[in-house]
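> The following block contains the structure, expressed as structure tokens.
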Amino acid sequence: MRSRVSSVGLILRPSPASGFCYPDHIDRASLDALPRLPGVYRFIGHDGWPVYIGKSVCLRSRVLAHLRTPEEAAMLRDTVRVEFERTAGEVGALLLESRLIKQMQPAYNALLRMVRDTYALALDEGAAQPVIRGSGEQAPGRMLYGLFGSRASALEGLRALARRHGLCPALLGLENQVGKRGCFSRQLGRCNGACIGTETAAAHAARLRGALAGMQQAVWPFPGAVGIVERGAGLRQVHVVDHWAYLGSLDGRRRRLAAKGQELARLVDIDTYKILAAPLLGGAMELVHCTVSGGAVRFEPASCQHSL
């Protein structure tokens, strides 16, 4: 339908909904059931497996927008129905979407499909030189510092730490020491001289641990798992997270974490970190401390507003 001019000179354009027809091959009942509430939706293919997974604060509007997008015609041709799962708000939708995409690997989700590990600077008990390890590689006496999306960024993080605190790159394994003159950074005046004895090894080790301590909070600032409380649209959920790994969400109906997909749940994923880091470290979330054993979650007697 083209625009036309009315008798009083107003330009009339067709409504975006006028002339729209639901795709005949997509189950209409599954579309009519979509609420105007937050959650995650799945476009289900002919084999019963998701071809696309998305999230929205208004499920109905977002899914109908897909149906009106010509560029997504191929995805729509492969879809027979739409399923959804409500969440209390945007945080739960973001976490669930990221987890489901990694579990189910939908064909039309270009982003979020890869489980990307995170890295940290690890310092074993008694060691004087940190090494780069996966953030899930815990060991007795090992402390993890910082959180990085790649080994390369972790290495650059260690270099930056040395520059800021006058640490010796040679003792950190970043440079080769050159004779009595010390490391190259010492010659430039950027190293306090631990490589040539101006600073004792013990003093350098203490300064290293002090510098690393400032990075500790980014790894995980809690003694164990926490539940992030989110309320909205008549629903209260507790999103259980441990060391930046999203373990699942609980509500009044669901008391145990789902066993499916637990092989992914314990991985510290950079996408989960990006979703939660700013609001969690900024003290903007209502938290309750909890312990997790298998799929069972036990909460502390009283929830608390945690501020870092």
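The values are calculated or read from the model by the stated rules, or taken from the named source; none is laboratory data. Please read these numbers as outputs of a predicted model, since none were measured by experiment. Virtual Cβ from ideal backbone geometry, glycine too; neighbours counted across all protein chains shown.
> Among S293, S249, which is modelled with pLDDT under 85 and more than 21 Å from L121 (Cα to Cα)?
Details: S249 fails: modelled with pLDDT under 85.
After applying the criteria, what remains is S293.
> Sticking with this structure for a sec: Do we find a residue being among the acidic types (D, E), at pLDDT 95 or above, within 26 Å of G248 (Cα to Cα) and over 21 Å from the mean Cα position of the chain (by Cα) anywhere in the range 72-84? First the steps, then the outcome.
Looking only at the range 72-84, we keep the residues that are among the acidic types (D, E), and these are 72, 78, 83.
After this cut, where a residue has to be at pLDDT 95 or above as well, the list is 78, 83.
The next check asks that each one be within 26 Å of G248 (Cα to Cα); those that pass are 83.
Those left that are additionally over 21 Å from the mean Cα position of the chain (by Cα): 83.
Scanning the range 72-84, I find at least one residue that is among the acidic types (D, E), at pLDDT 95 or above, within 26 Å of G248 (Cα to Cα) and over 21 Å from the mean Cα position of the chain (by Cα), so the answer is yes.
> Here's something else I'd like to know. Quick one: in the range 45-69, of everything that is within 14 Å of M104 (Cα to Cα) and out of contact with any helix residue (DSSP H, G or I) (no Cβ under 8 Å at 6 or more places or on another chain), which residue is surrounded by the most Cβ atoms within 10 Å (Cβ to Cβ)?
The qualifying residue surrounded by the most Cβ atoms within 10 Å (Cβ to Cβ) is G45.
> On to the next question. Filter the range 154-186 for residues that are of a type in the set (G, A, S) and either on the phi > 0 side of the Ramachandran plot or crowded, with 16+ Cβ neighbours inside 10 Å (or both) and give the result. Explain how you work it out, then say what you get.
We begin by selecting, within the range 154-186, every residue of a type in the set (G, A, S); these are 154, 157, 160, 162, 166, 170, 173, 179, 182, 185.
Scanning the range 154-186 gives A154, G157, A162, G166, A170, G173, G179, G182, S185.
> When I26 is evaluated against the numbered criteria (1) modelled with pLDDT of 95 or more; (2) surrounded by 10 or more Cβ atoms within 10 Å (Cβ to Cβ); (3) of a type in the set (A, V, I, L, M, F, W, C); (4) not in a loop (DSSP other than H, G, I, E, B), which criterion, by number, is the only one it fails?
(4)
> Kindly check whether there is at least one residue in the range 54-66 that is under 25 Å from L235 (Cα atoms) and in contact (Cβ under 8 Å) with a residue 40 or more places away in the chain.
Scanning the range 54-66 turns up at least one residue that is under 25 Å from L235 (Cα atoms) and in contact (Cβ under 8 Å) with a residue 40 or more places away in the chain.
> Could you please find all residues in the range 268-299 being part of a strand (DSSP E or B) and either among the aliphatic types (A, V, I, L, M) or within 21 Å of A93 (Cβ to Cβ) (or both)? If you could, list the steps in order and put the result at the bottom.
Kept after step one, since they are part of a strand (DSSP E or B), are these residues of the range 268-299: 269, 286-293, 296-299.
Within the range 268-299, D269, E286, L287, V288, V292, A296, V297 meet the criteria.
> Would you pick out the residues in the range 29-44 that are assigned to a loop (DSSP other than H, G, I, E, B) and surrounded by fewer than 17 Cβ atoms within 10 Å (Cβ to Cβ)?
Within the range 29-44, A33, P35, R36 meet the criteria.
> OK, next. Which residue is nearest to E83 (Cα to Cα), if the candidates are limited to the range 39-62 and must be of a type in the set (D, E, K, R) and touching a strand residue (DSSP E or B) at 6+ places or on another chain (Cβ under 6 Å)?
Taking the candidates together, the pick is R42.
> Here's a follow-up. What are the residues in the range 92-108 that are polar (S, T, N, Q), modelled with pLDDT of 90 or more and either farther than 17 Å from Y273 by Cα or in contact with a Pro (Cβ under 9 Å, 6 or more places away or on another chain) (or both), if any?
Scanning the range 92-108 gives a single hit, Q105.
> Give all pairs with beta carbons closer than 6 Å in which a residue from the range 126-145 that is assigned by TED's automatic domain parsing to the domain that holds A203 and without any contact (Cβ under 8 Å) to a residue 60 or more places away in the chain meets a residue that is crowded, with 19+ Cβ neighbours inside 10 Å and part of a loop (DSSP other than H, G, I, E, B); count only pairs at least 6 apart in sequence or on separate chains.
Listed pairs, sorted by first residue: Q129/L172.
> Also, I was wondering about something else. Suppose we filter A194, A213, A203 for residues that are among the aliphatic types (A, V, I, L, M), within 23 Å of G126 (Cβ to Cβ) and either in contact (Cβ under 8 Å) with a residue 40 or more places away in the chain or touching a Lys or Arg at 6+ places or on another chain (Cβ under 6 Å) (or both); which single one remains?
A213
> Quick one: how many residues across the range 236-245 are buried (at least 19 other Cβ atoms within 10 Å of the Cβ) and either of a type in the set (K, R) or modelled with pLDDT of 90 or more (or both)?
So the answer is 5.
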